[in-house]
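J.: Starting off with a structure, shown below.
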Amino acid sequence: MKCNLCPRECGIDRKKSKGYCGCDSKIKVAKVMLHKWEEPPISGKNGSGAIFFSGCPLKCVYCQNKDISHSGAGQEITVERLSEIFLELQKMGAHSIDLVSPTQYSDKIRLAIDLARDKLNIPVVYNTGGYELAEEIDKMRGYVDVFLTDIKYFSTELSESYSKASDYFEKAVSSFKKMTELCPECIIDENGIMKKGVILRHLVLPSHRADSIKILERVAEICDISKIKLSLMSQYTPDFYDGDLAALKRKITTFEYDSVVKKAIELGYDGYIQERSSASSVYTPDFTKGDLI
């Protein structure tokens, strides 16, 4: 069966060989953990039940998780085991099931949720880099409660240079619209945990504050931003980049980040502003320890 789960639509039979994402037909997971460094309504007090999937349709050149997104580190598990992990995380006190980079396994994730559905009573979070097909997002209707999605780039040239995806913004916006259709309003409970909704993430990259601002302006034009939450991130660090692009060899400046924050406030966004101290590799999970897998 040819795989067309992501915008690459590489058409590979993953039972025979790996797709662009680096994955074959088996689910591969690199880490399972209670993750306390997601946005406040996702992590809460106890942490989200994060499941880091191996592989990725984007493979950004600066990715901080490249050991799993590029190199494919991880362990193979069955659909049945994945459903068990959901329930184990719930038993540990996780506030949500946090599916990190799930795109390439979305069909199997639905099967796992079906197996656990009768016992699973915490929100399911679809934590994606944003490079999605709207029609595949639509298939998550009734399976996903919260979409935690990036829109990384506005510029075609930038998305091609950094992620080999010249159509990134087009696909990210299309899938984002579908997410807001499936989860039209943020619902946060008395403990501050998001039960339904969309959180739009954006990582401000060095030398590209103008691109960040264009994203904020465009999103404000296409949706009611009072119905979503914005998460602006300052955590870019060159620790994980070993290429020749000068712009990626430094952290963002205070001026760059503050410019984007100011625009978000002017446009009326509500959400979360990451502290500059987050730009450190110490916040990247240790993928040599698989935990519950």
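J.: For region 213-229, check the following and say yes or no: at least one residue is outside any strand (DSSP E or B), small (Gly, Ala, Ser) and over 18 Å from GLY268 (Cα atoms).
T.: No.
J.: Hey, could you check region 135-171 for residues that are touching a Gly at 6+ places or on another chain (Cβ under 9 Å) and part of a strand (DSSP E or B) and say which is surrounded by the most Cβ atoms within 10 Å (Cβ to Cβ)?
T.: VAL146
J.: Within region 95-119, can you find the residues that are under 25 Å from ILE137 (Cβ atoms), more than 18 Å from the chain's Cα centre (by Cα) and not in a helix (DSSP H, G or I)?
T.: Selection gives ARG117, ASP118.
J.: Now for a separate question. Any idea which residue in region 198-236 is nearest to the chain's Cα centre (by Cα), counting only those that are under 24 Å from LYS178 (Cβ atoms) and basic (Lys, Arg)?
T.: ARG201
J.: Within region 150-159, identify whether any single residue is of a type outside the set (Asp, Glu), touching a residue at least 12 places away in the same chain (Cβ under 8 Å) and over 30 Å from HIS70 (Cβ atoms), and answer yes or no.
T.: No, region 150-159 has no match at all.
J.: Next up: Considering only region 4-56, state which residues are part of a loop (DSSP other than H, G, I, E, B), buried (at least 19 other Cβ atoms within 10 Å of the Cβ) and basic (Lys, Arg).
T.: Result: ARG8, single match.
J.: Now for a different question. For residues that are over 18 Å from GLY55 (Cβ atoms) and in a loop (DSSP other than H, G, I, E, B), tally how many sit in region 120-134.
T.: Adding up the residues that qualify gives 4.
J.: Moving on to the next point. Take the conditions touching a residue at least 60 places away in the same chain (Cβ under 8 Å), more than 15 Å from PHE53 (Cβ to Cβ) and of a type in the set (Lys, Arg) and apply them to LYS164. Does it pass?
T.: For LYS164, the condition - touching a residue at least 60 places away in the same chain (Cβ under 8 Å), more than 15 Å from PHE53 (Cβ to Cβ) and of a type in the set (Lys, Arg) - is met.
J.: Right, here's the next one. Looking at the structure I just gave you, is ASP67 of a type in the set (D, E, K, R), in contact (Cβ under 8 Å) with a residue 60 or more places away in the chain and either under 27 Å from PRO238 (Cα atoms) or not in a loop (DSSP other than H, G, I, E, B) (or both)?
T.: yes
J.: Against the definition (in a loop (DSSP other than H, G, I, E, B), modelled with pLDDT of 95 or more and at negative phi), how does LEU205 come out, yes or no?
T.: Answer is yes for this residue.
J.: Can you work out which of the residues in region 63-100 that are at pLDDT 95 or above, among the polar types (S, T, N, Q) and surrounded by fewer than 24 Cβ atoms within 10 Å (Cβ to Cβ) is nearest to GLY192 (Cα to Cα)?
T.: GLN90
J.: Related question: Out of the residues in region 259-293 meeting the condition of being at pLDDT 95 or above and in a loop (DSSP other than H, G, I, E, B), tell me which one is farthest from the chain's Cα centre (by Cα).
T.: GLY268
J.: In this structure, does GLU256 turn out to be surrounded by fewer than 15 Cβ atoms within 10 Å (Cβ to Cβ), more than 20 Å from the chain's Cα centre (by Cα) and modelled with pLDDT of 95 or more?
T.: Considered against the rule, which asks whether it is surrounded by fewer than 15 Cβ atoms within 10 Å (Cβ to Cβ), more than 20 Å from the chain's Cα centre (by Cα) and modelled with pLDDT of 95 or more, GLU256 comes out as no.
The values are calculated or read from the model by the stated rules, or taken from the named source; none is laboratory data. Model, not experiment: these values are computed from the prediction. No Cβ is skipped: glycine too gets one built from the backbone with ideal geometry, and neighbour counts run over all protein chains shown.
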